[in-house]
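**Q** Here it is, the structure, as C-alpha cells.
The values are calculated or read from the model by the stated rules, or taken from the named source; none is laboratory data. The model shown is predicted, which means the values in this text are computed figures rather than measured ones. Please note: Cβ atoms are built from the backbone with ideal geometry, for glycine as well, and neighbour counts cover all protein chains shown. Ligands, DNA and RNA are stripped out before the accessible areas are found, and what is left, the full protein with its side chains, is counted by its heavy atoms. Shrake-Rupley method; radii C 1.70, N 1.55, O 1.52, S 1.80 Å.
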Amino acid sequence: MDLSNTHLLDEAVVTTKLDAVVTWGREASLWPFVFGTACCAIEFMATAASRYDISRFGAEVLRFSPRHADLLIVAGTVSYKQAPILKQIWDQMPEPKWCVAVGACASTGGFYDNYTTLQGIDEIVPVDVYVAGCPPRPEAILDAVMDIQRQLKREPKFELRNTEFKGKLDDV
Amino acid sequence: MSDNLHLIKSSELLETITKAKNELGFTLLLDITAVDNLYKSHPPFTRFELIYILRHTNFKDIVIYKVAVEDAEIGVESISSLFSSADWAEREIFDQYGIHFKNHKTLKKILNHNEFVGHPLRKDYEITKGQYCTVSQDLMDEMKPLLDERDLDMNKDDLMIVNLGPSHPASHGTIRTLAALDGETIVAAAAEVGYLHRGFEKSCENHNYNQIIPYTDRLNYCSALMNNIAFAKTVEEMLDITVPDRGIFIRIILAELSRVIDHLVCLAAGLLDMGGQTNYWYLFNPRNNAYDFLSKLTGARLTNSYMRIGGMTHDLYDGWQSDLEDVLVKIDFGITESLKMILHNRIYNDRIQNVSPVSAKQAIDYGFTGPNLRASGVAYDLRFSDPYYYYDTFDFNMVVGSVGDTYDRMMVRFEEMNESIKIIKQAIKRMPGGDINVADKRITMPSKECVYGGIEGMMNQFKLVIDGVKVPEGEHYGAFEAANGELGFYIVSDGSGTPYKVKVRPPSFYHMAAYPKIIENYQVADAIMTLGSLNIIAGEMDR
Ligand code: SF4
C-alpha cells in the first residue's frame, strides 16, 4: 500500500485518546461475577434470561471465577458467616473492579436486623452502586449496570480504585 | 394442649422413641426443636424443653413428644442412631440452644459460624448482637472419620480434597460440600450449611403474626406465596377459624401456581447445569408470565406477602381468569417444548438415570418429603393423606417415581406441574363468590372506609396493628404440602400477639443432610446434577 496516499490512510485509521479506547472497551464488556446468595439471586437469573437479557448491555459474560471478572454483583443477604468469603472473592478480582449491591439486604441488611446478618456489604467491600428493592426488579439491576458504565467513563483510567477503603475484615 | 402431645421424662426418651418407631409405626422423624422457657409467665419446671415431631407410616397421624431437659450441659440421649435425620436436627439445637446430646457423633455448630460465641435462640441472647467472624473451618474433623470408616488414607490412596462451594455456580446459593476424590469419583463427602442463616426464628419472636408473613416469603423464595399460606393456615388452626370458601380457592390456585413456578426454576436450573441452555429459556420464560400475573394481583413479582391471618389483603381483580389461563397456556407450552428436547435425548437420560438412587426406606430415614420422597416410590402427599382445603374434591393424581434417582426426582417434578395445572383449571371453574376474609374484628383489618369514617374502625385498625392478632395460649404443629415437601410450622403462643416461638420444619434442610451420603461413589459431575434435582433452597434450609 502506498502510504503517501493520505486519502487511503484516512479510512483505515482513527485517531483518538488512549483513555477513550480503554473506556469504550471496558464499558462494553463488563464481566460480572454474581455472588448470588438468596432471593435477589433469583431475580438476577431473570435479568440474565431472555426477556430482560443483560447481554444487551454487554454484561452477559458471567464469570464464575473472580479472577476473570471486573464487576462484582452481590445479590442477596450476606451473613456474618459469609462475609469472609465475600471479602476473599473481592480480593481475588483483578483491578479495575466495580461492585454493585443488589437489594435491601446487600445494601443495608434489609429487614434482617439481627445477629446473623451483615448490615450492608459496604462494611466489608467498597460499593459503587446500590440497588433498592426487596428484591429489585430486573430492570433495576440493568439500570445498575448502566450506572457503572456511566461511572467508569468519568473515572481516571489508570489508577487503582478504592485505595482509601478500609473494611471491617481488613487487617484481621 | 393437643391430644397427640405426650410429656416424657428425659431418661425415657430413647426408649419411647424406639418404641414409637418400631412398634407404633411412627417411622418419619419430621423435626426436633427446643423451647427456652426463660421468659414464660408461668415457667415450667425446667428452662429447656425438647420437642420431637414424628409422622406415622399412614402419613396422616403425627405424634409429638415433649421432654423436659433438666440440665442443658448434660443434655439428653441422642436419637441419631434411630433416625439419620436426627443428626443435623440435634446439631441445630446444640448450636441454637446449647443443649447437649449424648452419644452424638459430630455434635458441633451447624448454622452459625464456628467462631460464633453463644446460643442465639436462647431468650437472653440479644437479637441484634452480631459477631464478625474470620476463618472458615476446614471440615477435616468430619472428613477424617469418614475416611477412616472406609479404610482410606489421603496419601496412600492418592486422594484429592476438593471444595464444591460455598460460592460455586452449581451450588445454587451458598452451600459448601467438601469431597474426597479418587480420580473423578467421590469417595467421601461432608457438607456445611448455614451461610444463609438469617435468623428467621429469632425475628419471629420479635414481630406479631402478620408481620411475620414477609419473613415467610423469604424461606423458599421460589414459591413465596406457598410459605405465606402455610404459615397463615397454621396460625388459623390455632385460632380455630377457617377462611371463607372464596379465600380457600384463591389460596389453592396460588399455592398450585407457586408449586409450578418452583418446579420450573428447579428444572430450568438443573438442565442448565447439564448444558441444556435452551431448556432454561423455555422453562424460565413462562415463569416471567406467571410473575406478571402475580405482580398485577399482589404488587410484587417474587416476594408477594399477599396472605394475612384469616385471609388475604384483597380480592382478585377483574379479568383475572383470562390472565391466568393465558399464563397456564404459556407454561404448558414451555413444558412441552422442553420435554420434546429431553425425553428421548441420550445425553439427558444417560447422565441422570441410576445416578444417586435413594431407596424408599433410606428416603424415610433421611426425612425426605415432597417430590424427592415420591421419586423414591413412597406415595406420601399431604394433599392425599390428610387433605385440607377441599383437595379431596379435586381430580388430580399423585406422581410417584420408582428408584429415586436423579432422573426420577426431575421427572416427578415435570409431571407434578401438569397435575397442578389441572387443579388450577378446576379451581378457576369452581371459584365461589363471597368473602375472602373471616368476619372477625379481632383478626381481620377493617375496610379503609371504616378506618377513615369512624372512631371504632380506627381503633380497631390501631389495635390490630399495634397488638397484632392475639393467638390463644398453646402450641401447635401445622403442616402443608409445599413445593419441596412437608413445610411445617411449630408455633408456641403465650396468648399475646407475638409468638413465643416459631420453628419451621424445612424440607430442604433434611434433603441437604442426606446429600453428602447419596453422592458417594458417583462422579463430581453427577453430584452437581443430584444437587439440582434435590432442589435445595438455601433460604428455607438455613432460615
Ligand atoms: S433484599 Fe429482599 S429479596 Fe433480596 S435477598 Fe434480601 S430479603 Fe431477599
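**Q** Looking at the stretch B:27-79 only, could you name the residues that are open to solvent by 10 Å² or more (accessible area, probe 1.4 Å) and of a type in the set (Asp, Glu)?
**A** Within the stretch B:27-79, B:Glu49, B:Asp61, B:Glu70, B:Asp71, B:Glu73, B:Glu77 qualify.
**Q** Assigned to a strand (DSSP E or B), open to solvent by 10 Å² or more (accessible area, probe 1.4 Å) and among the aliphatic types (A, V, I, L, M): does that describe B:Ala479?
**A** Values: assigned to a strand (DSSP E or B): yes; open to solvent by 10 Å² or more (accessible area, probe 1.4 Å): yes; among the aliphatic types (A, V, I, L, M): yes.
Spelling it out, B:Ala479 is indeed assigned to a strand (DSSP E or B), open to solvent by 10 Å² or more (accessible area, probe 1.4 Å) and among the aliphatic types (A, V, I, L, M).
**Q** Would you check which residues across the stretch B:56-97 are in contact (Cβ under 8 Å) with a residue 12 or more places away in the chain, of a type in the set (D, E, K, R) and part of a loop (DSSP other than H, G, I, E, B) and list them?
**A** Residues satisfying the conditions are B:Lys60, B:Asp61, B:Glu70, B:Glu73.
**Q** So is B:His168 within 16 Å of the ligand (Cβ to nearest atom) and either touching a residue at least 24 places away in the same chain (Cβ under 8 Å) or closer than 21 Å to B:Ala525 by Cα (or both) or not? Let's see the steps before the verdict.
**A** On the way: within 16 Å of the ligand (Cβ to nearest atom): no; either touching a residue at least 24 places away in the same chain (Cβ under 8 Å) or closer than 21 Å to B:Ala525 by Cα (or both): yes.
For B:His168, the condition - within 16 Å of the ligand (Cβ to nearest atom) and either touching a residue at least 24 places away in the same chain (Cβ under 8 Å) or closer than 21 Å to B:Ala525 by Cα (or both) - is not met.
**Q** Residues that are modelled with pLDDT under 80: which strands (runs of 3 or more DSSP E) entirely in the stretch B:151-194 hold 2 or more of them? Full working, then the answer.
**A** Working: elements: B:160-164, B:176-182, B:185-192.
So the answer is none; nothing clears 2.
**Q** Within the stretch A:136-145, identify whether any single residue is within 16 Å of the ligand (Cβ to nearest atom), outside any helix (DSSP H, G or I) and within 12 Å of chain B (Cβ to nearest Cβ), and answer yes or no.
**A** yes
**Q** If you go through the stretch B:208-217 one residue at a time, do you hit one that is assigned to a helix (DSSP H, G or I), aliphatic (A, V, I, L, M) and within 22 Å of A:Ala75 (Cβ to Cβ)?
**A** no
**Q** Any idea which of B:Asp326, B:Asp318 is without any contact (Cβ under 8 Å) to a residue 60 or more places away in the chain, in a helix (DSSP H, G or I) and open to solvent by 70 Å² or more (accessible area, probe 1.4 Å)?
**A** Working: B:Asp318 fails: in a helix (DSSP H, G or I).
Residue meeting the stated conditions: B:Asp326.
For every residue, the table says whether it meets (1) modelled with pLDDT of 90 or more; (2) part of a strand (DSSP E or B); (3) open to solvent by 10 Å² or more (accessible area, probe 1.4 Å).
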residue: B:Phe489; (1), (2), (3): yes, yes, no
residue: B:Gly495; (1), (2), (3): no, no, yes
residue: B:Pro499; (1), (2), (3): yes, no, no
residue: B:Val502; (1), (2), (3): yes, yes, no
residue: B:Tyr510; (1), (2), (3): yes, no, no
residue: B:Tyr515; (1), (2), (3): yes, no, no
residue: B:Glu520; (1), (2), (3): no, no, yes
residue: B:Ala525; (1), (2), (3): no, no, yes
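One line per residue, one yes/no per condition, for (1) open to solvent by 10 Å² or more (accessible area, probe 1.4 Å); (2) within 12 Å of chain B (Cβ to nearest Cβ):
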{"site": "A:Cys40", "(1), (2)": "yes, yes"}
{"site": "A:Asp53", "(1), (2)": "yes, yes"}
{"site": "A:Pro84", "(1), (2)": "yes, yes"}
{"site": "A:Val100", "(1), (2)": "no, no"}
{"site": "A:Tyr112", "(1), (2)": "no, yes"}
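**Q** Within the stretch B:176-185, which residues are farther than 16 Å from B:His113 by Cα and crowded, with 22+ Cβ neighbours inside 10 Å? It would help to see each step written out before you state the result.
**A** Taking the stretch B:176-185 as the starting set, the residues that turn out to be farther than 16 Å from B:His113 by Cα are B:178-185.
Matches in the stretch B:176-185: B:Leu178, B:Ala179, B:Ala180.
**Q** Okay, next question. Of the residues in the stretch B:145-169, how many are open to solvent by less than 60 Å² (accessible area, probe 1.4 Å), more than 9 Å from chain A (Cβ to nearest Cβ) and under 29 Å from A:Ile73 (Cβ atoms)?
**A** Total meeting the criteria: 3.
**Q** For a quick check of your reading of the model, give me the residue pairs whose first member lies in the stretch B:111-127 and is within 11 Å of chain A (Cβ to nearest Cβ), whose second is among the aromatic types (Phe, Trp, Tyr) and in a loop (DSSP other than H, G, I, E, B), with beta-carbon atoms closer than 8 Å and at least 6 apart or on different chains.
**A** Filtered contacts from the stretch B:111-127: B:His113/A:Tyr80; B:Phe116/A:Tyr80; B:Gly118/B:Tyr125; B:His119/B:Tyr125; B:Pro120/A:Tyr115; B:Tyr125/A:Tyr115; B:Glu126/A:Tyr115; B:Ile127/A:Tyr115.
**Q** Tell me the residue from B:Ile436, B:Ile424 that is surrounded by 20 or more Cβ atoms within 10 Å (Cβ to Cβ), of a type in the set (A, V, I, L, M, F, W, C) and not in a helix (DSSP H, G or I), please.
**A** Working: B:Ile424 fails: not in a helix (DSSP H, G or I).
When all the criteria are applied, what remains is B:Ile436.
**Q** Looking at this structure, is B:Ala188 surrounded by 24 or more Cβ atoms within 10 Å (Cβ to Cβ) and farther than 30 Å from A:Ala104 by Cβ?
**A** Values: surrounded by 24 or more Cβ atoms within 10 Å (Cβ to Cβ): yes; farther than 30 Å from A:Ala104 by Cβ: yes.
The answer is yes for B:Ala188.
**Q** Exactly one condition in (1) within 13 Å of chain B (Cβ to nearest Cβ); (2) surrounded by fewer than 24 Cβ atoms within 10 Å (Cβ to Cβ) is false for A:Thr117; which is it?
**A** (2)
**Q** A:Leu62 - would you say it is within 13 Å of chain B (Cβ to nearest Cβ), among the aliphatic types (A, V, I, L, M), in contact with a Cys (Cβ under 8 Å, 6 or more places away or on another chain) and more than 15 Å from the ligand (Cβ to nearest atom)? Quick ask: steps written out before the conclusion?
**A** Values: within 13 Å of chain B (Cβ to nearest Cβ): yes; among the aliphatic types (A, V, I, L, M): yes; in contact with a Cys (Cβ under 8 Å, 6 or more places away or on another chain): no; more than 15 Å from the ligand (Cβ to nearest atom): yes.
So A:Leu62 does not fit the description; no.
**Q** Restricting to the stretch B:439-463, what's the tally of residues that are assigned to a helix (DSSP H, G or I) and open to solvent by less than 100 Å² (accessible area, probe 1.4 Å)?
**A** So the first thing to find is which residues in the stretch B:439-463 are assigned to a helix (DSSP H, G or I), and the list is B:448-453, B:455-463.
Within this subset, residues satisfying the condition of being open to solvent by less than 100 Å² (accessible area, probe 1.4 Å) are B:450-451, B:453, B:457-461.
Within the stretch B:439-463, residues that are assigned to a helix (DSSP H, G or I) and open to solvent by less than 100 Å² (accessible area, probe 1.4 Å) number 8.
**Q** Would you confirm whether any residue within the stretch A:84-93 is more than 16 Å from the ligand (Cβ to nearest atom) and within 12 Å of the chain's Cα centre (by Cα)?
**A** Yes.
**Q** Let me ask something additional. Among (1) more than 14 Å from chain A (Cβ to nearest Cβ); (2) farther than 22 Å from B:Gln96 by Cβ, which single condition is B:Phe231 missing?
**A** B:Phe231 satisfies every listed condition except (2).
**Q** Among the residues of the stretch B:527-543, write down those that are within 14 Å of chain A (Cβ to nearest Cβ) and either part of a helix (DSSP H, G or I) or acidic (Asp, Glu) (or both).
**A** Filtering the stretch B:527-543 down to residues within 14 Å of chain A (Cβ to nearest Cβ) leaves B:528, B:532, B:535-543.
B:Ile528, B:Gly532, B:Ala538, B:Gly539, B:Glu540, B:Met541, B:Asp542 - these are the residues of the stretch B:527-543 that are within 14 Å of chain A (Cβ to nearest Cβ) and either part of a helix (DSSP H, G or I) or acidic (Asp, Glu) (or both).
**Q** Go over the candidates A:Ser79, A:Ser107 one by one and state the one that is within 16 Å of the ligand (Cβ to nearest atom), among the hydroxyl-bearing types (Ser, Thr, Tyr) and surrounded by 24 or more Cβ atoms within 10 Å (Cβ to Cβ). It would help to see each step written out before you state the result.
**A** Details: A:Ser107 fails: surrounded by 24 or more Cβ atoms within 10 Å (Cβ to Cβ).
Just one listed residue meets the conditions, A:Ser79.
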